[in-house]
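The values are calculated or read from the model by the stated rules, or taken from the named source; none is laboratory data. Model, not experiment: these values are computed from the prediction. Using ideal geometry, Cβ is built from the backbone for each residue, glycine included, and neighbour counts are taken over all protein chains shown.
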Amino acid sequence: MDNAVCECGVSEGQLHVFGCRWEFCPFCELQMVECDCVYDLIGLRHRGNPPETDWLSAEVFSGGLNDEQEQRWLATLEARGRIPFVDTPQFCARCGAKWPEHFQVPDVVWEYYAGPAHRKSVLCAHCFGEIRRLVDANRPRPAWLPAEETILEFMLAWRSGDRETLQRIEPQKFETHYRGIRPCRLGGPATG
Ligand SMILES: [Zn+2]
Ligand SMILES: [Zn+2]
Ligand SMILES: [Zn+2]
């Protein structure tokens, strides 16, 4: 078994280096990268500060915590009980490969091939390719499904962060209030 190490350098069971984004907050249980408990818990929000800066002072809003505030936040976390690093690896749900590389396809493509069996799974690119090949070998591709070249183009655009191409292929995803497609097995996907 390989020894898991966090991005901050610590091994399993050890506390993260203070400030590591992967540490879980012991108050809200979100990862630090998403948690903003600090502002309320060490009293940095005041009515006197403008709502545009989230009731924080301009210094904190734009520059983050100063040393004294960081020490108070650390003491608050320690008093509550900090949460040590434990590895939570992802596996391909089909072949079991650890930490498969992420990829993205248009939602209709994922829904058509992954469907209820794997809708919420992590799949490696190899297994998803196999599923596509096997399904296509046994069933004509519906006309509403994007063409093979378009799917490939989308995957490459996602990898390189080419938003323009992603938006051209899947414009509905860039609309506000997009909540994903409804699962639909017959007659093509319903969007919105
Ligand atoms: Zn860490
Ligand atoms: Zn929190
Ligand atoms: Zn796999």
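Kindly establish whether THR88 is surrounded by 11 or more Cβ atoms within 10 Å (Cβ to Cβ) and among the β-branched types (Val, Ile, Thr). No; evaluated as a whole, the condition is false for this residue. For region 104-130, a residue qualifies if it is part of a loop (DSSP other than H, G, I, E, B) and hydrophobic (A, V, I, L, M, F, W, C), and the qualifying residues are VAL105, VAL122, LEU123, CYS124.
Entry remark, region 1-23: residues being of a type outside the set (Ser, Thr, Tyr) and more than 8 Å from ligand 1 (Cβ to nearest atom) number 11 in total.
Scanning region 111-157 for residues that are among the aromatic types (Phe, Trp, Tyr) and modelled with pLDDT under 95 returns a single hit, TRP144. Where helices (runs of 4 or more DSSP H) sit wholly within region 1-82, those with at least 1 residues that are of a type in the set (Phe, Trp, Tyr) and away from ligand 2 (no atom under 14 Å from the Cβ) occupy 58-63. Given the criteria of a type in the set (A, V, I, L, M), within 21 Å of ARG168 (Cα to Cα) and without any contact (Cβ under 8 Å) to a residue 60 or more places away in the chain, does VAL122 qualify? In short, no.
Looking across region 83-100, the residues that are in a loop (DSSP other than H, G, I, E, B) and either within 16 Å of ligand 1 (Cβ to nearest atom) or out of contact with any Cys (no Cβ under 7 Å at 6 or more places or on another chain) (or both) come down to ILE83, PRO84, PHE85, VAL86, ASP87, THR88, PRO89, GLN90, ALA93, GLY96, TRP99.
Taken over region 76-118, the criterion of being of a type in the set (D, E, K, R) and more than 20 Å from the chain's Cα centre (by Cα) is satisfied by GLU78, ARG80, ARG82, ARG94.
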